[in-house]
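Just below is one structure, and these are the notes that go with it.
The values are calculated or read from the model by the stated rules, or taken from the named source; none is laboratory data. Values in this document were obtained by computation on a predicted structure and should not be read as measured data. So basically every Cβ, Gly included, is an ideal-geometry build from the backbone, and we count neighbours across all protein chains shown. These area figures cover heavy atoms from the full protein model, side chains too; ligands, DNA and RNA do not enter into them. Shrake-Rupley method; radii C 1.70, N 1.55, O 1.52, S 1.80 Å.
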Amino acid sequence: MSESTSASNRTLAVSGQPGNGIRIGNGRMLDRKNRLRIYNRSFRIVCVASAVFVCLILLSILFFMFRTGILTFRSVPASTFFFSTNWDPENESYGAFLFIFGTVALTALTLAISVPISLFVAVFLSEAAPRWLSNALRPVLDLLVGIPSVVYGFLGLTILIPLLRDITGRQLTDGLLAAAIVLSIMVLPTISRISDDAISAVPAKFKDASYALGATRFQTVFRVMLPSARSGILYGIILGMARAIGETMAVVMVVGNTPQLADSLFKPTSVLTSNIVMQIPNVPFDSTWNYALYLMGFLLLVISLLMIVVIRVLQKKGVKA
Amino acid sequence: MQALIEIERLNLFYGSFHALKNISMDIPEKAITAFIGPSGCGKSTLLRSLNRMNDMIPGTSTHGSIKIAGADIYGKDIDVEALRKNVGMVFQQPNPFPKSIYDNVAYGPRLHGITSRHKLDEIVESSLRGAALWNEVKDHLKRSALSLSGGQQQRLCIARALAVEPDVLLMDEATSALDPISTLKIEELAQELKAKYTIVMVTHNMHQAARVSNQTVFFLNGEVVEYAETEKLFSNPQDQRTEDYISGRFG
């Protein structure tokens with residue numbers, strides 16, 4: 001009898017042991033519980049506060065740009081600002097369409113040049129090149145990402161523009177094409193390295209499956225590897241695009257900085273960023289001109305946010321298929 | 001029975017490692033041949049030689065000959081893509097593409113130039129029926145293949161392999177990542193498929209080899225120790241090492 005009782009007590013003690021750590025009790029156990037609760041709460045508060053802080057920064061940037069920019073419309077009708085191509089602030093003409101068009105066209109042109117080339121570079125690095133070669137090229141591309149944009153602009157000014165002059169036989173070759181080429185060279189390492197990583201991360205089992213069905217290397221890359229790496233590649237393109245839209249120095253040096261609509265690839269023109277940076281030092285503080293430049297900065301923000309949203313939506317659609 | 005695959009004095013090296021040593025065997029058509037043996041004995045390597053998937057691994061060299069339906073698949077005039085179309089493969093891990101069920105099955109036929117929607121629909125249906133998956137997926141062919149269970153994914157991979165109309169089906173431990181019920185389904189499927197296809201399977205599971213196959217080959221250290229009718233090999237092994245292995249004394 002007594003033996004069986006002590007045995008059952010022992011069993012209870014043993015089975016109760018794992019529960020001790022989470023049991024609410026007195027003394028040390030309570031301390032531990034409170035301590036954990038404080039740690040968890042404060043960690044949570046720090047995380048939430050950081051997230052709120054980041055959102056606040058974004059919102060306040062948008063707000064301050066908007067608050068000053070909106071003053072433009074006190075003296076300029078919105079239709080003139082958005083649709084007129086006549087930018088002549090000394091004579092009270094504030095038509096910003098040519099800059100908006102320039103920024104959109106320049107970005108599109110840049111992506112049209114850089115995305116195909118980047119994809120080929122990425123496929124070459126991840127699939128075709130011998131290992132020693134890709135191991136040598138990857139760090140080189142990573143270094144290119146870090147080159148300051150003013151250096152790219154400088155090279156564009158001193159090498160690319162004279163080269164374009166020789167090829168086309170024109171007097172002036174500053175313009176969208178020159179800027180797009182410089183920007184393409186600038187974003188190419190970014191897009192190709194991120195795509196390269198995305199393609200390299202596609203599981204080998206997909207490749208095996210494709211080859212085992214009799215696919216050639218070309219078919220495997222274009223039908224399996226690239227579609228599987230799609231979201232990573234899109235991410236690379238977003239980063240490249242963000243860089244292209246916001247790039248200022250490299251563009252200023254080759255785009256020509258003339259406020260006229262670019263109806264030719266070689267016509268000197270101006271985009272939102274280059275116009276802001278060229279004119280902001282000279283404008284009176286409380287003038288419509290100043291407000292118009294703020295509004296252009298706000299537009300730039302909105303355009304890049306919109307493009308990111310569009311790509312996010314595309315990306316979600318892609319994942320579903 | 002007619003031999004479809006004839007392997008003669010095959011030697012294979014990974015760099016300096018001698019993975020397959022002087023292997024000769026005939027594999028009969030429209031039957032299931034199982035390769036068994038401990039890990040690293042070369043059974044998967046031999047299987048991957050039959051559709052030249054070993055070509056992908058750098059530093060591999062193959063000597064000797066493998067003839068499938070009379071053609072030396074390591075010969076100079078061989079078209080590797082056509083060979084792999086003819087010798088389908090199912091892998092250890094179910095590996096459907098991250099595409100829809102339909103696109104997975106249609107992948108192979110599309111590679112080989114079939115574009116007609118009508119024809120593709122037919123191939124997809126008959127392949128999925130062939131892999132005993134049609135009834136489970138016919139109403140959601142557009143759904144992602146990754147939404148299927150592991151066993152369904154593996155049958156989808158079998159359907160995908162059947163869609164290019166191979167003669168030979170290689171199964172590389174095709175059930176080792178699956179639960180017992182899915183395994184049973186795949187085994188039953190293999191029994192049905194052997195009426196039309198020559199099946200070669202690698203398995204870690206001796207009971208599976210005993211249940212499913214017509215012939216069994218026992219490998220050890222890159223050599224063939226014993227090759228016999230399955231029933232004979234398991235009931236009356238000729239070699240002491242075979243007996244030790246099948247009775248669970250090592251491996």
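The spread of Cα positions in the protein assembly as shown, taken along each principal axis and listed from longest to shortest, comes to 105, 87, 49 Å.
Could you list the trypsin sites (Lys or Arg not before Pro) in region A:129-219 that lie in coil according to DSSP, counting only those with at most 16 other Cβ atoms within 10 Å of their Cβ?
On the way: sites: A:Arg131, A:Arg165, A:Arg170, A:Arg193, A:Lys205, A:Lys207, A:Arg217; in loops: A:Arg170.
Answer by residue number: A:Arg170.
Summing +1 for each Lys or Arg and -1 for each Asp or Glu, what net charge is found among the other residues whose Cβ lies under 14 Å from the Cβ of B:Arg9?
Values: positive: B:Lys21, B:Lys67; negative: B:Glu6, B:Glu8, B:Asp26, B:Asp72, B:Glu223.
Taking every other residue near B:Arg9 into account, the sum is -3.
Panel note: contact residues of region A:202-219 (accessible area lowered by at least 10 Å² against the chain on its own; 1.4 Å probe) correspond to A:Lys205, A:Phe206, A:Asp208, A:Ala209, A:Ser210, A:Tyr211, A:Ala212, A:Leu213, A:Gly214, A:Ala215, A:Thr216, A:Gln219. Placing +1 on the Cβ of every Lys and Arg and -1 on the Cβ of every Asp and Glu, with no other charges, gives chain B a dipole of roughly 620 debye about its Cα centre. Solvent-accessible area lost on pairing A with B (1.4 Å probe, both sides summed) amounts to about 1700 Å². Helix B:180-193 axis versus longest C-alpha principal axis of chain B: approximately 90°, rounded to the nearest ten.
Per the Kirkwood formula applied to alpha carbons, region B:3-246 shows a radius of gyration over Rh ratio, Rg over Rh, of 0.97. Each of A:Phe298, A:Thr258, A:Ile147 was scored by the projection of its Cα onto the charge dipole of the protein assembly as shown, and the greatest displacement toward the positive side belongs to A:Phe298; charges sit on the C-beta of Lys, Arg, Asp and Glu. With the cut-off at 1.5 for a/c, could you classify region B:73-114 from its C-alpha gyration tensor as rounded, prolate or oblate? Oblate.
Mind running the shape call on chain A? Use the C-alpha gyration tensor, a ≥ b ≥ c as the square roots of the eigenvalues: rounded below 1.5 for a/c, prolate if a/b tops b/c, oblate otherwise.
On the way: a/c = 3.29, a/b = 1.61, b/c = 2.04.
It comes out oblate by the Cα gyration axes.
Restrict the search to region B:148-251; then list the chymotrypsin sites (Phe, Trp or Tyr not before Pro) that DSSP places in a loop and that have at most 15 other Cβ atoms within 10 Å of their Cβ. Let's see the in-between values first.
Working: sites: B:Tyr197, B:Phe218, B:Phe219, B:Tyr227, B:Phe234, B:Tyr245, B:Phe250; in loops: B:Tyr197, B:Phe250.
Passing both the DSSP loop test and the Cβ count: B:Phe250.
Can you tell me which aspartates and glutamates have their Cα less than 12 Å from the Cα of B:Lys85? Leave out same-chain residues fewer than eight positions away. Within reach: B:Glu165, B:Asp167.
Would you work out which of B:Tyr74, B:Gln93, B:Ile23 lies farthest towards the positive end of the dipole of chain B, given +1 charges on the beta-carbon of Lys and Arg and -1 on that of Asp and Glu, about the Cα centre? With unit charges placed on the Cβ atoms, the residue in question is B:Gln93. Local charge for A:Ser287 was computed over the other residues whose Cβ lies under 13 Å away, with Lys and Arg +1 and Asp and Glu -1, and equals -2. Among the helices of chain A, those built from whole DSSP H runs whose Cα atoms reach 15 Å or more along their own axis and whose mean Kyte-Doolittle hydropathy is at least 1.0 are A:97-123, A:176-200, A:230-246, A:288-320. Expressed to the nearest 5 percent, the antiparallel share of DSSP beta bridges inside region B:83-224 is 25 percent.
Let me know the shape class of region B:81-192, please: from the alpha-carbon gyration tensor, a ≥ b ≥ c as square roots of the eigenvalues, rounded when a/c is under 1.5, otherwise prolate if a/b is greater than b/c, or oblate.
Oblate.
Please compute the average number of Cβ atoms from other chains found within 10 Å of each residue's Cβ in peptide B:107-113.
Working: counts 7, 6, 1, 4, 8, 4, 0.
The per-residue average across the peptide is 4.
The trypsin sites (Lys or Arg not before Pro) of region B:97-138 meeting both criteria, a DSSP state outside H, G, I, E and B (loop) and at most 13 other C-beta atoms within 10 angstrom of the site's C-beta, are B:Lys138.
How much of the DSSP bridge set in the protein assembly as shown is antiparallel, in percent, rounded to the nearest 5?
Values: 27 of 45 bridges.
Here the antiparallel bridges make up roughly 60 percent for the protein assembly as shown.
In terms of distances greater than 30 angstrom between alpha carbons, the cross-link table entries A:Lys207/B:Lys76; B:Lys67/B:Lys99; B:Lys67/B:Lys138 yield B:Lys67/B:Lys99; B:Lys67/B:Lys138.
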